[in-house]
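Below is one structure, written out as structure tokens, with a few remarks after it.
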Amino acid sequence: MSKQQLIRELEQLRRQNRELKKTEADANAAIAGLSRALLLPMSAEDISHSVLEQARKLTGSRFGYVAYIDPDTGHLVSSTLTGDILVNFREKDKDIVFKEFSGLWGWVLESKKPLLTNSPSTDLRSSGTPEGHIPIRQFLSVPALIGENLIGQVAVIYRRA
């Protein structure tokens, strides 16, 4: 390996190291911000919005949602959908309620495991997207758990270019 190649590789490693440090600092800042926010008296909806905004910032996602499991019905309730994800299904100022879990998001809830897929349309767990849903290129979701108890879900998606 020539001296020039070695210098280029060292510079590339330095850039990667700076990027990793920035990513770690951003994640730490998001966690600290959420921790501070959760100490304040806030409604569940306000907490959901704070969690979603931090998740979107950390992932660079334009779209996403935070939802909770209604303890009385077991249904998934989301009042924090961003943008026009389900433009044909959402009435203004009305929560979206899912009574049955299916597809990728349902798999996350049923398995209580996180999921990241870069090809949701070919993932065997996928049930496709409903009519009117924006196309999805990448999907990331994590279950919200207290101990082993499922209390909700955080998900972010990337729209196809």
- Just give me a number: lysine pairs in the chain, eight or more positions apart or cross-chain, with C-alpha atoms less than 29 Å apart. 14
- Query: Residue by residue through the range 50-58, which ³J(HN,Hα) values in whole Hz follow from phi under the Karplus form 6.51 cos²θ - 1.76 cosθ + 1.60 (θ = phi - 60°), with glycine and proline marked x?
  - Reply: 5, 4, 5, 4, 5, 4, 5, 5, 5
- Query: Given 4 °C and 1.567 mPa s, how large is the Stokes-Einstein diffusion coefficient of the chain in µm²/s, with Rh as the Kirkwood radius over Cα pairs?
  - Reply: 73
- Message: Can you give me the long-range amide H partners of ILE136? Hydrogens built in the peptide plane at 1.01 Å from N, cutoff under 5 Å, separation of 5 or more residues or another chain.
- Response: ARG160
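I'd like the projected area of the range 24-72, averaged over all directions, using the convex hull of its alpha carbons. Report it in nm² with one decimal.
Over every viewing direction, the Cα hull of the range 24-72 projects on average to 4.0 nm².
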- Tell me the label-point distance for the pair ASP26, GLN138, using the 7 Å Cα-to-Cβ offset, in nm and rounded to one decimal. 1.0
- Task: Along Cα→Cβ, 7 Å out, is where each label goes; now give me the distance between the ones at LEU38 and LEU13 in nm to one decimal.
- Result: 3.7
- Item | Accessible surface of THR23 - all protein chains present, 1.4 Å probe, nearest 10 Å² | 90
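The values are calculated or read from the model by the stated rules, or taken from the named source; none is laboratory data. Worth saying up front: this structure is predicted, and the values here are computed from it rather than measured. Glycine also receives a Cβ, built like all others from the backbone with ideal geometry; neighbour counts cover every protein chain displayed. In case anyone asks, the SASA skips ligands and DNA or RNA and just uses the protein heavy atoms, side chains included. Shrake-Rupley method; radii C 1.70, N 1.55, O 1.52, S 1.80 Å.
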